[in-house]
Structure formats: C-alpha cells, structure tokens
Amino acid sequence: MLLRKMWRDLSKNKAQFISIFLMSFLGMFVFVGIDAESSGAGESADSYYREYHLCDLWVMGAGFSDDDLRLAAKVKGVKNVEKRLSLTGTAEKTDNAYMYVNFMEENDINSLMLYEGEAFDGQKDGFWLEEWFARTNKINIGDTFSIKIDSMKIDGRVRGIVDAPDYVYYVSESDLMYPNYKKCGVAFMAPGMYPDAENIVYNQLLVDIADEFSSEEQLSMIKRKLENRFDRDDIAVTDRDQNLSFATFDAEIRQHKAMGAMFAVVFVAIALLGIVTTMARVTAGQRIQIGTMKALGFSKAAITLHYVSYGFVISAAGCILGAFLGSKVMPAWILSMFEGSYLVPDLSGQVTGLDMAVTVLAIFVSTTVSFLSCRKELKDPPAVTLKPPAPKKVRHSGFEKSRLWLRLDFSTQWNIRDVMRNKLRSLMGILGVMGCAMLLVCGFGCFDSIKGLMDKMYGELMTAKNKIVLSSDADADYAYDLAVRYRGQMIEEKKVEFVSDTAKKSGSATIVDKGNFIHIQDRKLNPVKLTDKGIAMTSKMAGLLGIGVGDRIRWHFVGDDKWQNTRVEQIYRDPSIQGITMRKEVFEEMEYTFKPTAVLTNKSVDPSLSEEDEVSTVLNIEGMKAAFSETMEILNAMVYVMVLAAVFLGVVVLYNLGVLSFVEKTREVATLKVLGFSSPKIRQILQKQNLWLTIIGIIAGLYAGWGMLYVICTTVSDTLDMFPILYFPTYVWSIGGTFLVSVSVNLLFSGKVKNIDMVDALKGVE
Amino acid sequence: MEERVLIEFKDVCKKYAQGDREFFALKDANLSINEGEMVVILGPSGAGKSTLLNLLGGMDSASSGHIFFDGEDLTTYSDNQLTKYRAENVGVVFQFYNLIPTLTAYENVALMKDIKSGTTDPKEALAAVGLADHMHQFPSQLSGGEQQRTSIARAIAKNPRLLLCDEPTGALDTDTGKEVLKLLQEMSRSKKRTVVMVTHNSFFADIADTVIRVKNGGIRSIEHNDHPKDAEEVNW
Ligand SMILES: Nc1ncnc2c1ncn2[C@@H]1O[C@H](COP(=O)(O)OP(=O)(O)O)[C@@H](O)[C@H]1O
Ligand SMILES: [Mg+2]
C-alpha cells in the first residue's frame, strides 16, 4: 500500500518530480554522453595507434645513414627503427594541392591502413594516398598522379588508398587548423620513386619503443640517450606530445572531458537543490501523515524508507535513463562532427567505469539528500508530529526594526520576509537564473571571442589584403621583384625549436622586412613597435617555456644545425601563431640569409600569378577568415548545446521554483484575497520577488559566464592564445533571454492566482 | 465478568519547559483500566486529556512515573519497542481522521497488513463500519462521518487490544457522532476490546463503564458506571 501511496504522491507532485527527473536526466545525459564520447574516441585512437604501431619517438635531422639506424636500434628499450624521408610538395593534378610526401622502404612503424588497392610495398613504384584526400579529389586506384617537390617531378599510378596513424590530423601550412582535403593531402611511396634514388638522404628515424619501456620516465630517458648517442646539433628527438597529429587529437579529447564535467556539475548541483527543496516541502506537507503512520505503528525505518525511496526512484530513473541515452546519442552526434577533421577509423563511444561510478554516486547523493531533508520530520515522537509544526521562530532582523523598513510598502516588506524565510528556495531560484545567464553569456561569448580573434588576426596584426605564398622555387630576387611590383612586404616564416631550462617546444619564427602589414601588440593588447635590437617572443610561448623579458633562450631553425642563444627583448601577444618575431636586420646579424616565403600586399593580385612555379598560392583575407571559422565547427556545436541547456535549465528550475512557492503561498494568497486584494495586485506582489531573484541571478550569471569563458579561452589549446571578449549584443541577448525565460515561466503561475478558491484554500483543518 | 487489569499509571508526570519555568501537562496521574472496559476521559480543553492518551498509546514518553500495559512497563521501552507495541496492540482514531489522502478507503485499511500479521480483511472491517459501498473512494470523496468510520475500520482491522480515540466525534454532527459512538461501544461490548475515548463532552460519561475526569493536568475522579447507557440514548 505504501508503494501505491508513493506513486500517487509522485503523480500529485508531478511538476516538481518531473523537473528533478529532467535535471538528473540532463546532467547525466551530458556528462556520460561527453565522457563516453571522449573515452570512446580516445580508446579508438589508442587501439588504432597500437595496432598500426604509431612511433613513440621521431628523430629528425639533416640526414641519416644505415649506421645511424643501427646506432638508434642499439639503445636499450628501442624495439624497432625505420628511416623515412619526409618532404612537402604540390600535386599538379589536383590544383597544386599541398602534399606531405613520405619515402620509406619498410612500413612496420606508422603502418598504413589499407582501404583500397594493394598493401604498401617498399619495392614497388606508385603512390599510396591518404583516403580523404583521394576521395575529395575523386582519385581512384590506377589513376595517374604526379607530385612536384621543389624542381623535381614524380609521376606514377595510384596503387593504394590508405590511412596513416601519424596523419590522424593534418593541415597544410597555410590552413590554420581545419583540414581542407581538396588542397592538402599525404602521399607515401617507395624510395625507388625518388628522382635521384641512389643518393636519397633520409631525414627522419621513426622509433618504436618496447611496451615495457613506455613509462614517462623511461621514454624521456631513451629520448636523452638518443640525443647523446648522435651528439649532433642538427637533430631533434620529439615524442608524441610534440607531434601535431597526436597532440591535436589528444587536446581535443581532453577539452571535451573538461566541458562535460563543467556541464555536469552545474546540472547535478541544481538537481540536488531541487531535490532538497522538493523533498523538504513534500515531507513538511505530509507531517500529519507521517505522525499518523507512526501512531499506527509503522517503524521509523519503514517511513524513512518510504520517503527516501521518492528521491531514489526519481533520481535513479533520471540518472540511469540519462546515462543510457546520453551514452548512445551524444557520442554519435559529436563523433559525426569529427568526420573529416580527425581520421581515426571506427570512432565510437564507450561507457567507462567512471560513468557508471558517477551515475551511482549521483543516485546515492540524491537519495542521501532526500533522507536528510525528511529526517527532521521523522525525529520527533508521533505526539509532536501529529500537531501542526511550531511556527518558525520569527526573529525580526535589525533591518526590519530600522526606520527604512517602515517606509517600504507592504509588498516589499512581504517579499523581503518571504525571501528571508525561504532561503533555500530563493537560493535555488538565483542559482537557476544564474546558470541560465551563465551558459548564455559563455555560449555567445565563445562566438564573440572567435570573431574578436579573427578580427585581430586579419585586420589588426596582419593588415594586408592578400598574401602571396612563395614556393621553394622562389629565390630572394624573385620575392624582391614581387615586393616592388605589388608594393608589398616580404616575410619569412620558419619552424623553430626552443629549449629552456624547463621545457622544449616547437613554434614558428616570423622574420619581417620593412613594411607596414605586420603589427604586434603587448600583453594588454596595445600596439607596440617591434624591437630592432633582438627577438620578440609571444607571451604564450614565453609562458610555456617559463621565461620573461631579459632571459636567454636556446633555439634553432628546424633542419638547421646552428643553435642560437638569444636574449628575449620583448614579449608580445599573438592569438594564433606562437613563437618569435624579429626584424630582417636582426636575422641577418645572426648570419642567416633572408629567403622570403611570402609577400604581403594590399594591391589586387594578378590571378595568373598563382600559375607561376615560384608561387605556391595566393590567399586573400576573406578566404583566410573563412578557413579559420571552419576550424571552430566543433566549438560552435558546443555553443548550441550550451544555449539549449541554458534555456532548458532556466525553464526547469524556475518552473519547479514556481510550483514550490505557489503551493506554499496558496494560503497566504487566499488570505490576501479575503482581505480584499485584487488578483492583479497579488500577481504584482508575487512578481516583485521573482524580479529581484532574476536580477540577482543575472548579475551573478554575467560574472560566472565571464569566468567560464575565460577558462575555455585560456585552455582551448597550446597554440591558440584566445582572449575572452563579450560584445554588446551578447549582453542584450543573454540578459534578455534570461528575462524572457524567467518572465514567461512566472506568467504561467501568476495566471493561477485568479483560480485560487478562497474557501477551499482556507478550509483545510490542522 | 472476571476483572483483569490491562493498564496501570503510577505517578505519571508529563512536563514541558516553558521559558525558565516548568509546566505540567499531566501531574502524578494514577489510574488503572481493566481489559474489555469502555473508558471515557473527560475534561475541559487543555486539561491534559490528549497527553494522557498519547502516553497510553506509546506516542509520547512520560517525564516521570511508570505506565504498565499487561504488566510491562512502557516507560522502560526503547523507540523500537514502542513502535512494536503500537503496531501490535494499539488502534488509534483521531479527531480529524488522519487518513492518507492519496489512498482510497480500502487501501487505507489495507495499509495495516504492512505492519501486522493476522489483520482483519479490509472488506470485512469496512463492512463492519457500514462502508461496504464506499470502499474505493478517496478520503476527499467521503463525508466526515464516513472518513471517521474508515479510520475506525483502520483501527479495528488490526484487532488491537486497546482502541484509543481522541475526540472521535469532535468534527462530526450529532447524528453521525452517535453512529460513531455506537460503533465504539459495540467494539467494547461484543468484541471485548478495551476502548479509551477522550472527550470534553460530559454527556458521553453515561455510556462508559469507567469515567476518568481530568482538570489542569490532574486526575480529579474515577467513577464506575454499573449500568452504562446505550450510545443511542445519549443526547447532546
Ligand atoms: N509541546 C507542548 N509544549 C508545551 N505545552 C504543551 C505541549 N503540548 C501540550 N501542551 C500543553 O499541555 C496542556 C495539555 O494539553 P492536551 O493534553 O493537548 O490538552 P487536551 O486536554 O485539550 O487534549 C495544554 O495546556 C497544552 O498547552
Ligand atoms: Mg486534545
């Protein structure tokens, strides 16, 4: 019978229990969904890496012989070493797409995964092409294909369509983050395909480490040993974390986990508050019933169990269903957006032990919370519980005695008292509104920050309309002629490796000639002049390396064995490219030759220019912006989730709150009616309180949203230095949206004021 | 009729702290009730009648003194023992019925099966109070008298040795009240159950075997009625 009573009680308090159900549902849906997605994607990638032997260390240098290979293989813990020549070129047949070209004989490390055609063979000729590139450009097995590397041209037929574990993520150097497979691809071939096959010089050693040596310390020890063994200045040993493909995917997954946790905390916290307030009200409302059951001889344990099972049933239903559906729906949805960004085969979600543990914990906490909130009514002997509760000690606060108080009108006084006496309920209202405003601010803020970032990158820091990217065929004279013809500015962009006492990082260097298209800004984003005394470093890179102005940094250009030890003269801030910038004069003082890689210009560029061998591509500012915003697709999707969640959260919490306070105030409202207050007047009184709570919640939400945005911006990735920006419309949308949610939910309730039957409401006997 | 003492109070006090003073809701109460008796506790409002009844039903604990039920001292009982005592031996009828609003009349009575074995069939119990036709209505769909009869059915379904009623007719009109009284009297007469009824209405004294008068927390008198009236004969 008690079971039946429970079902009837649940359906009588439908609105509140449904809202608790929804909140636990949503919390678990998002958390388990995102966790299953990120764990599953991580696991898919791991097993892909394992099965296809993604190398553990890369040794890069100017040239490796077979002796070097043997030398590396002798290091304890090294299981296998292969050599590879890795270059970049262009594919003539596909509109000069940017190509990563790899020559190798063996393929037991970074093994190619075959989609179509024949398996890789280091003795045969022909090309093995990355699948997405091939598919996007409609290249099939047997087609002819050709690649140009500098002045060399390689022709052949396509033998296989493949995927490679070290190219899970790849972009051309001019694409910022988002892959464009039309314009960029990867090709693998046997050394025999290299034009001067006799004299091929390998520039990479791929090192596979035995499983039993894969711990962090052992790995870095092997790394050091390799560096020592070669004892050459031109080599760099990098690990997976320094590998663009691995690190990008890894960072993406970690970011999802953080996002998921953040969502879950917000929703679970509010669901718990909902349970506390609802259970407290349900048990308080059933005080006499509890006393009766006790008098009838039900044991305390039986009654406790009865009420605790309310919380248990609701939260268990919400959490389990949420976890279940979340683990099915979210991974499928998010992973479908990975399609084409991350080339990991068989991406699928996976429910982890953590998910189950968190689900169980959430149910446990909800149940405990409902236990704590009904314990109060169960403590007293039945004789006490059977009487109406002793009225709360009405302590008049100092404020209520002050002169100001007396000058407030009745509705203000009434509302202040009501808020003070229902602190938990009011807190829940504020938190709900705050959560809503926070998610809106943060969501729209993400859009703003991306737009701000783009406006800064293309418009403040780089002000040229066009960028003519030169190929390696172009010499300094060619660039100089172009610069004169287009009144442009020449720059050289190179990859650099930095070593400080605490870290080793790769980044890029920009060497600028005279001109007015490259600008830098200090940490506070004020424009400053680039130093002419030495190098300037981006603040994010300086932070990663743990150095500041005046400190010295050891660095060298990748592929160049000359190391520099230079004082950092200036710190500047750049949102997208981390590394150093210096003037051409400084560069030449270090005895390097300036060989421009691009010319920036405001003049419109002759379309035929990109046909020339010396020009790799011509980019315009709109195209660069568009390419960049595509990189943010997944972030955009997250923003939509946030905005949806915000509105949902607001509605659910405020609706729950509305039911709570409405039920609690029914008697008071009826009394007011008897006293002669009109319904509109009463509505006005009730709404005053909602207005206050909404305003407080919105103010708190604006701050919290800014904080959340700050966290997202600063942790988004190692190479992006985003700064949180909120434009004016965001405030309007967030505040307006929250108000809209709050007001429309409240209208729902104030409409009911008219329907309160005075006689009915006051009849109930105690 | 052989007389067997079921309940005994020995110097029972119940006091409440009121500010820094002590207030005795019941002071040095001594009484004894025989099994099968119909007892009426009479007194003005605030006299301590409910306090006495609550102590009797194990719903409250005494500040001092001893309460014996069938020779066992209730004042030495733990919470759990008191719960068991209530479940096994006591049936309660309240002034405001206190039915579970979300359960039908039938279900309210059937509820007793959850706490005690060997309860009367709910249908029988409801038929006994004349509610066979209203079994599946919710409390809010029953009149006051019907609700009170449901609550009596609930109390007697347990087959308790002790039936406690706190102002059972307090919220009812005269005719319905009379029916309830008749029912209670029958419980004591034909079923040999001990019925203790609290009331402020002195007319009820006539139907009792024993009348205990209470005032200002003290027992004023205990009288025995050799020829109690039938409930139908009482008028108020
Ligand atoms: N929890 C309590 N705290 C203080 N005084 C109480 C409490 N419960 C009852 N009393 C006092 O004890 C006295 C007896 O109460 P009660 O037995 O309920 O009277 P009644 O005879 O009307 O049923 C009353 O004066 C009442 O004010
Ligand atoms: Mg009383």
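Listed values, structure above:
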| quantity | calculated |
| --- | --- |
| Dipole-positive endmost among B:Asn225, A:Leu129, B:Ser64 within the protein assembly as shown (Cβ charges, Cα centre) | B:Asn225 |
| Length added when fully stretched, A:Asn620-A:Ser86, from 0.36 nm per residue minus Cα-Cα | 189.3 nm |
| Stokes-Einstein D (µm²/s) once Rh is taken as the Kirkwood radius of the range A:205-266 over alpha-carbon pairs, at 4 °C in 1.567 mPa s | 91 |
| Partner chain coverage, peptide A:295-306 - average Cβ within 10 angstrom | 6 |
| Taking all pairs of distinct alpha-carbon atoms in the range A:558-707, Kirkwood radius in angstrom | 23.6 |
| Mean separation of Cα contacts under 8 Å (6+ apart) over length of chain A, as relative contact order % | 17 |
| Amide H contacts of A:Asn180 (H built 1.01 Å from N, under 5 Å, at least 5 apart or other chain) | A:Ser172 |
| Whole-Å distance, taken between Cα centres, linking the range B:46-121 and the range A:289-339 | 33 |
| Ratio of Rg to Rh over chain B (Cα coordinates, Kirkwood Rh, two decimals) | 0.96 |
| Listed residue (A:Phe230, A:Val741, A:Ser449) projecting farthest to the positive dipole end of chain A, Cβ model | A:Val741 |
| Whole-number percent relative contact order across the range A:466-603, with pairs defined as alpha carbons under 8 Å at least 6 apart | 38 |
| Cleavage-rule hits (GluC sites (Glu not before Pro)) in the range B:1-94: DSSP loop, at most 13 neighbouring Cβ within 10 angstrom | B:Glu2, B:Glu3 |
| In sequence order, calculated HN-Hα J values of the range A:107-119 (Karplus, 6.51, -1.76, 1.60; Hz; x Gly/Pro) | 8, 8, 10, 6, 4, 7, 9, 7, 9, 8, x, 10, 5 |
| Under 5 Å, built H, 5+ apart or other chain: amide partners of A:Gly156 | A:Phe145 |
| Karplus 3J(HN,Hα) series, Hz, for the range A:139-152 with 6.51 cos²θ - 1.76 cosθ + 1.60 (x for Gly, Pro) | 9, 10, 4, x, 5, 7, 8, 9, 10, 10, 10, 6, 9, 8 |
| Rounded Å value of the spacing that divides the Cα centres of the range B:202-236 and the range A:438-463 | 88 |
| Student exercise, chain B dipole from Lys, Arg, Asp, Glu Cβ charges, in Debye to nearest 20 | 360 |
| For B:101-110, mean number of other protein chain Cβ atoms within 10 Å | 4 |
| Contact order relative to length of the range A:82-204, as percent, for alpha carbon pairs under 8 angstrom and 6 or more apart | 37 |
| FRET efficiency, 1/(1 + (r/R0)^6) with R0 25 Å, evaluated for A:Trp733 and A:Leu408 via beta carbons | 0.15 |
| Amide N proximity, the range A:124-161 versus A:Lys595 label position 7 Å along Cα-to-Cβ, cut-off under 16 Å | A:149-152 |
| Residues of type lysines that A:Lys83 reaches as a straight line, Cα spacing below 25 Å, ignoring anything fewer than 8 places off in the same chain | A:Lys74, A:Lys124, A:Lys148, A:Lys153, A:Lys223, A:Lys225, A:Lys494, A:Lys495, A:Lys504, A:Lys505, A:Lys562 |
| Partner chain coverage, peptide B:46-55 - average Cβ within 10 angstrom | 1 |
| Sparsely packed GluC sites (Glu not before Pro) within the range A:9-106, loop by DSSP, other Cβ within 10 Å at most 15 | A:Glu105, A:Glu106 |
| The range A:440-516: trypsin sites (Lys or Arg not before Pro) in DSSP loop, at most 13 other beta carbons within 10 Å | A:Arg487, A:Lys514 |
| Inter-label distance for B:Gln81 and B:Ser61, nm, one decimal - labels placed 7 Å from Cα along Cα-to-Cβ | 1.1 |
| Dipole magnitude of the range A:82-204, debye to nearest 20 (Cβ charges: Lys/Arg +1, Asp/Glu -1, about Cα centre) | 400 |
| Residues with amide H under 5 Å from that of B:Gly65, placed H, sequence gap 5 or more | B:Cys13 |
| Share of Cα-Cα pairs in the protein assembly as shown lying beyond 46 Å, as whole percent | 51 |
| Simple Cβ-charge dipole of chain A, Lys/Arg +1 and Asp/Glu -1, about Cα centre, in debye nearest 20 | 7560 |
| Whole-Å distance, taken between Cα centres, linking the range A:638-659 and the range A:47-74 | 52 |
| ³J(HN,Hα) computed for each position of the range A:208-224 - Karplus, 6.51 cos²θ - 1.76 cosθ + 1.60, integer Hz, glycine/proline x | 9, 9, 4, 4, 6, 10, 8, 5, 3, 5, 5, 5, 6, 5, 4, 4, 5 |
| Label point at A:Asn636 placed 7 Å out along Cα→Cβ; residues across the range A:313-350 whose backbone nitrogen lies under 17 Å | A:334-342 |
| Pair-distance profile P(r), taking every C-alpha pair of the range A:82-204, with 10 angstrom steps and integer % | 14, 51, 32, 2 |
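We did not get these values from a lab; they are worked out from the coordinates using the rules stated. The structure displayed is predicted, hence computed values, not measured ones. Here Cβ is always computed from backbone atoms with ideal geometry, including for glycine, and neighbour counts include all displayed protein chains.
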